[in-house]
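Engineer: Below is a structure I'd like to ask you about.
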Amino acid sequence: MTIFFPGIAGDYESVLDGRASGGLIINDSLIIDPGIGFLIKSGLKNADQILISDKDLLYCNDANAIIKRFNAKIVSETDDIKQIGNSFKILTNKYFLGYIHNPKLTKAFAEEFKDMNILVIRTESTSIEDMINLIEYVNPELAILTGFRHNIDPLLFSRHVKDELKKYKEHLKTQIIAAKDGMKINPDSYNIKIRQKSLKGFI
């Protein structure tokens, strides 16, 4: 499994700085939130399915181009994908991944993501308090922050989240990292436990 971040812009000002907006590519074929500049920055060569969390151009601008070029389809739920509000949980062949965008954080929402190994959290739409509460409740092995607003330093922001989390949740061992433009990661590098393929009640 690979997770690729073509661009990490979280607002239009960041796009004007030359960053691509939108989400990520999982396993080179599942596209999440192909926003402005996504197609060019990604160097995309294949696409099967597209998930769109929001109709704002920051999250869907390049969707039509991807559909026409690769004959991809927009989906919201499949046997391995479930949409909760603007967020998604995704079952891959090894891991469970939660993509968090503009959450209405309740216990019921957090419970939906309880089994996730990895959380990708969009910072432009999630407060630090909600991030901390969600990470504490879900306790994923890896949390990746993306969607940074103009003039926000991703590294400093992620350090701030870590520091705030340690104040109240010292027992947590979640690794927290900031996404970078063009970053590709392999979860195996973070010692994440492989999940079983089936998850009762996933859909």
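The values are calculated or read from the model by the stated rules, or taken from the named source; none is laboratory data. From a predicted model like this one, the values you see are computed outputs, not experimental measurements. Here the Cβ is made from the backbone with ideal geometry for all residues, glycine too, and neighbour counts use every protein chain on show.
Engineer: So which residues in the range 62-109 are over 26 Å from S189 (Cα atoms) and of a type in the set (A, V, I, L, M)?
Structural biologist: Hits for the range 62-109 are A63, A65, I66, I67, A72, I74, V75, I84, L105, A108.
Engineer: Being buried (at least 17 other Cβ atoms within 10 Å of the Cβ) and within 15 Å of I100 (Cβ to Cβ) is the filter here, so list the residues in the range 134-145 that pass it.
Structural biologist: Result: L134, I135, V138, P140, L142, A143, I144, L145.
Engineer: Mind listing whichever residues of the range 88-109 are assigned to a strand (DSSP E or B) and within 9 Å of the chain's Cα centre (by Cα)?
Structural biologist: F88, L97, G98, Y99, I100
Engineer: Still on this structure, please answer the following. Under 8 Å between Cβ atoms, which residue pairs at least 6 apart in sequence (or on different chains) link something in the range 104-119 that is touching a residue at least 60 places away in the same chain (Cβ under 8 Å) with a partner that is assigned to a helix (DSSP H, G or I)?
Structural biologist: Sorted first by the residue in the range 104-119, then by its partner, the pairs are N117/P187; I118/P187.
Engineer: Still on this structure, please answer the following. Inside the range 34-49, can you point out the residues that are part of a strand (DSSP E or B) and either surrounded by fewer than 23 Cβ atoms within 10 Å (Cβ to Cβ) or in contact with a Ser or Thr (Cβ under 6 Å, 6 or more places away or on another chain) (or both)?
Structural biologist: Q49
Engineer: Would you please list the contacts, defined by Cβ atoms under 7 Å and residues six or more apart or on different chains, that run from a residue in the range 12-23 that is surrounded by 21 or more Cβ atoms within 10 Å (Cβ to Cβ) to a residue that is among the basic types (K, R)?
Structural biologist: The qualifying pairs are S14/R149; A20/K41.
Engineer: Let me ask another. Please go through (1) touching a helix residue (DSSP H, G or I) at 6+ places or on another chain (Cβ under 7 Å); (2) closer than 26 Å to G37 by Cβ; (3) among the aromatic types (F, W, Y) for F157 and return the number of the only condition it doesn't satisfy.
Structural biologist: Of (1) touching a helix residue (DSSP H, G or I) at 6+ places or on another chain (Cβ under 7 Å); (2) closer than 26 Å to G37 by Cβ; (3) among the aromatic types (F, W, Y), only one is false for F157: (1).
Engineer: Of the residues that make up the range 22-33, is at least one in a loop (DSSP other than H, G, I, E, B), in contact with a helix residue (DSSP H, G or I) (Cβ under 6 Å, 6 or more places away or on another chain), over 15 Å from G182 (Cα atoms) and of a type outside the set (D, E, K, R)?
Structural biologist: no
Engineer: Considering only residues of the range 146-155 that are of a type outside the set (D, E) and surrounded by fewer than 22 Cβ atoms within 10 Å (Cβ to Cβ), which is farthest from the chain's Cα centre (by Cα)? Spell out the reasoning first.
Structural biologist: First pass over the range 146-155, keeping only residues of a type outside the set (D, E): 146-152, 154-155.
With surrounded by fewer than 22 Cβ atoms within 10 Å (Cβ to Cβ) added as a condition, the list becomes 149-152, 154-155.
Details: R149: 15, H150: 19, N151: 21, I152: 18, P154: 15, L155: 17 Å.
Filtering the range 146-155 for residues that are of a type outside the set (D, E) and surrounded by fewer than 22 Cβ atoms within 10 Å (Cβ to Cβ), the one farthest from the chain's Cα centre (by Cα) comes out as N151.
Engineer: Separate question: Got a sec? Which of S125, S53 is in a loop (DSSP other than H, G, I, E, B), surrounded by 17 or more Cβ atoms within 10 Å (Cβ to Cβ) and modelled with pLDDT of 95 or more?
Structural biologist: After applying the criteria, what remains is S53.
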